[in-house]
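Right, one structure below, let's go through it.
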Amino acid sequence: MNLIESLLLALKAHGARQIFGIPGDFALPYFRIIEQSNILPLYTLSHEPAVGFAADASARINCALGVAAVTYGAGALNMVNAVAAAFAEKSPLVVLSGGPGKGEARSGLLLHHQAKTLDSQFQIFKEITCDQVRLDDAERAPADIARVLASCLQRSEPVYIEIPRDMVSLPCAPVVAAVAAAPDQEALNACVDEILERLRAADSPVLMAGVEVRRYDLEEQVAELSRRLGIPVVTSFMGRGLLAHQDAPLVGTYMGVAGFPEVTQLVESSDGLFLLGEIICDTNFAVSETKIDMRKTIQALDGRVTIGYHTYSQLPLSALVQRMLSRLDPGEKAFSVTPQSFPRGLLADDASIRPTDIATAVNDLMAAHGKMPIASDMGDCLFTAMEIEHTALVAPGYYATMGFGVPAGLGLQAATGERPLILVGDGAFQMTGWELGNCQRYGWDPIVLLFNNASWEMLRTFQPESGFNDLGHWGFAEMAGGMGGDGVRVNTRAELKAALDKAIATRGRFQLIDITIPRGVLSETLARFVAGVKRLSSPK
């Protein structure tokens, strides 16, 4: 086999299911082999940021490698933001980039797509990936590939593989997967002993599930753990959607002053808060009503466990959860929780549409037709998602980049075959909404709810005096037909319900519902968030 076939077979063996990409001259040789070998299906999109977002979403939903393939310079550097988002939010994304041939640097000429030096791109990606390799030695390539893919899976962070274009067809041996080192068993036992002792001694223990629970495919085990421990479970803002399909005592999503008071009180008054796979970041904890003393929590993240003032290192989350399960009686503890409630029963009248009406309409839709996975962009659409019944959700809750929603939805459908629901604001749609034009080629048919207030409305809530927040009305619904889908603009709650009913009944074409929202009208969740941030940041 050649070098690219060896790489593709290794990607597949390590869990990758598809590749998203855009070719270019430095990438054409390896793209040819991707297409001809048919080892992994290839989906080409229109703009490199969307390639990165789609591959990231596929990784998140499948708890497996996502693969983004691009060309050198103009392609890879155009995808930096998407890869940074995956790095910040711990998504196992593999970046494949074409590169100059080994002999091209000796020409004495600057090469097109080159930035500062031929190595600039490699150095840039060092900042936003956990491991990197340039496949410039076919004999060494199998070991290099094995190392990099192991890093991607073990750390659940992006990696970078650069492929010189004159190397792709060279003979190459198969990749033998690297064997992960076993954790120190004595340290693991001591850590579990201490965690269980703390939880048993607590009057009000709470387990908060974070993104690593999904990244390492641990939702079923964590649900079982929570039942055996007999303690309530919450997710963070970033972890929304976790455990949606598991039998777990899930109370709701913690959002501090922006969330439901019962959930906020439960978390902030806990004397045994177990943060499992939780990124300690501002979107999760900066809006706490009562500041949480992290020194008094149990934190399991990034392969280490911190309890109070000391840390157990090199303890993978999966090993920790499995060892805790082995130490707990299989019998489940009898207890009950009151789960967070969500709005239902949309009044389909001639009133204008609020974001909370959209959440209500979606809850009604899924109650009638079953849950759908959701891809959400940043902005009030994501805060509105907090008012939708728990279902699988991918969103940039921490890195908070715009433009994620639409390509992420395409990544969801390619990865799972399930029809997704996409929540996106008009500002973000202007960035990547045009990727919907690729649906027709691949048979994708997402339902897209476009929150249209002709404004960067979330920015306006913090700086209302700025005129640059005005975007004007674009004819998004009218553009859908030309992209191979169906579009409709709705202005009332009755029109919204009718459009959703028609969308769910129509298969084979994407459905774009352009929802007019009056300027200044926010979801109830975002309104609480803004009020809380302003109150917490105001001078005492």
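The values are calculated or read from the model by the stated rules, or taken from the named source; none is laboratory data. Just so you know, these numbers come straight off a predicted model, no measurement behind them. Reconstructed Cβ throughout: ideal geometry from the backbone, glycine too, with neighbour counts over all protein chains shown.
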Is there a residue being more than 23 Å from N81 (Cβ to Cβ), in contact (Cβ under 8 Å) with a residue 60 or more places away in the chain, in contact with a Gly (Cβ under 8 Å, 6 or more places away or on another chain) and among the polar types (S, T, N, Q) anywhere in the stretch 383-399?
yes
Wholly within the stretch 156-275, strands (runs of 3 or more DSSP E) carrying at least 1 residues that are more than 30 Å from A57 (Cβ to Cβ) and of a type outside the set (A, V, I, L, M, F, W, C)
205-209
Of the residues in the stretch 242-265, those that are surrounded by 22 or more Cβ atoms within 10 Å (Cβ to Cβ) and of a type in the set (F, W, Y) come to Y254
Selection count where residues are within 18 Å of L301 (Cβ to Cβ) and among the charged types (D, E, K, R), scope the stretch 193-215
5
Can you name the residue in the stretch 400-413 that is in contact (Cβ under 8 Å) with a residue 60 or more places away in the chain and touching a Ser or Thr at 6+ places or on another chain (Cβ under 6 Å) and is also farthest from D217 (Cα to Cα) among such residues?
G403
With respect to Y254, determine if the residue is over 21 Å from the mean Cα position of the chain (by Cα), aromatic (F, W, Y) and at negative phi.
no
Could you identify the single residue in L320, L315, L276 that is out of contact with any Asp or Glu (no Cβ under 9 Å at 6 or more places or on another chain), surrounded by 19 or more Cβ atoms within 10 Å (Cβ to Cβ), at negative phi and modelled with pLDDT of 90 or more?
L320
Can A395 be described as aliphatic (A, V, I, L, M) and either more than 20 Å from T525 (Cβ to Cβ) or more than 16 Å from the chain's Cα centre (by Cα) (or both)?
no
Which of the residues that make up the stretch 123-133 are surrounded by fewer than 18 Cβ atoms within 10 Å (Cβ to Cβ) and over 20 Å from the mean Cα position of the chain (by Cα)?
Q123, I124, K126
Would you mind stating whether Q154 is free of Cβ contacts under 8 Å to residues at least 60 places away in the same chain and not basic (K, R)?
no
Looking at the stretch 117-176 only, could you name the residues that are within 24 Å of F87 (Cβ to Cβ) and basic (K, R)?
K126, R134, R147, R155
